[in-house]
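Input: a single structure, listed below in structure tokens.
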Amino acid sequence: MNFELLYSDRIKQLSPSPIRELLKIAVKPGIISLAGGNPSPDTFPVKELKDCFLKVLEKDWKRILQYSPTEGNTDLIEIIKQYSRNQGINCETENILITSGSQQGMDLVCKVLLNPGDEVIVELPSYPGSIHTLKSYQAKLTGVPVDQEGIDIDILEDILKDRQKTGILPKFIYLIPTFQNPSGVTLTETRRNSIIKLAEKYGILIVEDDPYNALRYDGENIKPIKALDRNENVIYMSSFSKTFCPGVRVAWVVGPKDLIRKMVIGKQGADLHTSSLNQAIVAEYCRNNLMENHLKDILSYYKEKRDIMLESIERHFKNVATWTKPQGGFFVWMSLDKKENTDELFSKAVEKGVIYVPGSSFCVDGSNKNSMRLSFATVSNENIKKGIQLLSEIFSL
Ligand SMILES: Cc1ncc(COP(=O)(O)O)c(C=O)c1O
């Protein structure tokens, strides 16, 4: 068979994720990987998960081993509804859809909203998994820079003004406003207010991707943009991947009822429903109030690592780089003052025994070549220190 003749235009224009390629190097023995984006397996609540699994299986096996409604497990939807309301998000049952990871949430948003060639605004830098999804729906991507306070609102408004003149607005703005992957930056409250006003003024949708929200190590809580939404301008997505474990593939979307209906239809063609068994385990876990204590444990676990990484960077990169100081999440974004190219220096880093993700991998315009994403989540405290020191031997001298 000549498969080249059979492949769709959609798949032909996609290439493998550069990060997944890098992660193949990370498994080589001896390499310190500051490149991964995974949560630490040390935080997975294995025993409690096993107890919940046995409990739901004994109690409710007929239901949870069966096909189930596309919208999601009703107990879990109720838990998400309460959690969302506590975050200030106004929602009913019909506003919620349980998805197989937020990655599927993003896929369904694109499936429902995008025609080939539609414009979508993304942050510079942004999460490559979502860029991949957007590209697979043949979206035209426009990047808007992020600074220490989040997306640049002035540049964003200039673009919207310009598009208004042409009569064709972008379909939506994709944002990761809290402890952003990859920059670690959090969109300030002031900018959240500005962005919702922009969304209302231009009648544009915001897709708020918020999987790190619960992982705050210090600073004041900031409400999601969705909590400021008065006119159905925001679709909100979050996930159990970072707080519980990604292997269960359980996440959720909160959005306008009509749009959720359409996403349900889209999901019926994708996987019928998210694993009934896994949803029941997660619901059981949350129902028994296990999440609160678990969160306390994992916050102190990650906070220590975040602090060690920031101290190490301060020690080795002072005066030669700038970096973000995330109040939560997994990532620090470092930019080298001398504008060294982190793509080109990557092989040198591998030789030294340390890897990072080059900044350009996160940018739809290939910018930020002097930057890199560093993750502290899965690395031992000792190796964070060692990894940063090794990096400094490559870059800063
Ligand atoms: C910003 C962002 N969105 C979505 C995802 C995917 O999450 P999930 O495991 O829920 O599919 C990730 C995972 O790293 C992420 O960083």
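The values are calculated or read from the model by the stated rules, or taken from the named source; none is laboratory data. Here the structure is a predicted model, which is why all the values come from computation and not from measurement. All Cβ positions, glycine included, derive from the backbone under ideal geometry; neighbour counts span all protein chains shown.
The listed residues are I153, I176, and the only one of them that is surrounded by 14 or more Cβ atoms within 10 Å (Cβ to Cβ) and out of contact with any Asp or Glu (no Cβ under 8 Å at 6 or more places or on another chain) turns out to be I153. Test V109 against the stated conditions and say whether it is touching a Leu at 6+ places or on another chain (Cβ under 7 Å) and in contact (Cβ under 8 Å) with a residue 60 or more places away in the chain. Judged against the criteria, V109 is not a match.
Scanning the range 236-258 for residues that are β-branched (V, I, T) and touching a strand residue (DSSP E or B) at 6+ places or on another chain (Cβ under 6 Å), we see that the one that is surrounded by the fewest Cβ atoms within 10 Å (Cβ to Cβ) is V253.
Is one or more of the residues making up the range 42-52 more than 27 Å from the chain's Cα centre (by Cα), surrounded by 14 or more Cβ atoms within 10 Å (Cβ to Cβ) and at pLDDT 95 or above? Yes. Say whether the condition of being part of a strand (DSSP E or B), under 19 Å from G150 (Cα atoms) and assigned by TED's automatic domain parsing to the domain that holds E21 is met by at least one residue in the range 340-357. No, the range 340-357 has no match at all.
Against the condition modelled with pLDDT under 95, under 21 Å from the mean Cα position of the chain (by Cα), more than 16 Å from the ligand (Cβ to nearest atom) and more than 24 Å from M291 (Cβ to Cβ), how does L14 come out, does it pass? Taking the combined requirement at face value, the residue satisfies it. All of (1) buried (at least 19 other Cβ atoms within 10 Å of the Cβ); (2) modelled with pLDDT under 95; (3) under 24 Å from the mean Cα position of the chain (by Cα) hold for A349 with one exception: (3).
Here T142 meets each of (1) within 15 Å of the ligand (Cβ to nearest atom); (2) hydroxyl-bearing (S, T, Y); (3) in a strand (DSSP E or B) with one exception, condition (1). Residues considered: N86, N115, N95. Of these, the only one that is crowded, with 21+ Cβ neighbours inside 10 Å, away from the ligand (no atom under 16 Å from the Cβ) and in the same structural domain as V234 (by TED's automatic domain parsing) is N95. Among strands (runs of 3 or more DSSP E) entirely within the range 197-316, having at least 1 residues that are more than 16 Å from the ligand (Cβ to nearest atom) and in contact with a helix residue (DSSP H, G or I) (Cβ under 8 Å, 6 or more places away or on another chain) singles out 205-209. In the range 156-183, the residues that are within 11 Å of the ligand (Cβ to nearest atom) form Cβ pairs under 7 Å with partners that are among the basic types (K, R), at six or more places apart or across chains, as follows: P177/R192; P182/R373. Going by the structure shown, is M372 within 29 Å of Y174 (Cβ to Cβ) and part of a helix (DSSP H, G or I)? No: the conditions fail for M372.
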